[in-house]
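J.: Let me begin by handing over the structure; questions about it come next.
The values are calculated or read from the model by the stated rules, or taken from the named source; none is laboratory data. These numbers were taken from a predicted model, which means no experiment stands behind them. Neighbour counts run over all protein chains shown; Cβ positions are idealised from the backbone, glycine included. Please note that ligands, DNA and RNA were not included when accessible areas were found on the heavy atoms of the full protein model with its side chains. Shrake-Rupley method; radii C 1.70, N 1.55, O 1.52, S 1.80 Å.
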Amino acid sequence: MTNRELIDKAAAVVNSKRIGDYSAGNVGCALISNKGHLYTGVCIDAGSGMGFCAEHNAIGTMVTAGEYKIRKIVAVWKDDKDTVYVLSPCGRCREFIYQIDKENLKTEVVLGKDKVVKLSELLPH
């Protein structure tokens, strides 16, 4: 799957809803496991720090299916005009990806349709 196709898969699951001062579904993630399966997820921003990132949701779905290694991952946000922006994983997500399986240091993190870096290049930053 190309970076553009993976970005499109992540954008397709974005379904933003405001919940008071918070939101749900405004960031989408798509990942390809080492076995070639696609997993997606969205973020939920809730009060008292109870939310989670889109990457956590997609990884949780992958783990539920019995997989732990990630070949490629991307997260995106869409603005009010449906313009898609690729996001770099936050520090918590970077660490989470690594802790799920140490081999995930080799994970390709998509930072744009023409830009990919290995997770090892992002950690410990």
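J.: So residue 91 clears everything in (1) open to solvent by less than 60 Å² (accessible area, probe 1.4 Å); (2) within 20 Å of residue 30 (Cβ to Cβ) except one condition, right? Which one?
T.: (2)
J.: Scan region 12-70 for residues that are surrounded by 18 or more Cβ atoms within 10 Å (Cβ to Cβ), assigned to a helix (DSSP H, G or I) and out of contact with any helix residue (DSSP H, G or I) (no Cβ under 8 Å at 6 or more places or on another chain) and jot them down.
T.: The answer is 57, 58, 62.
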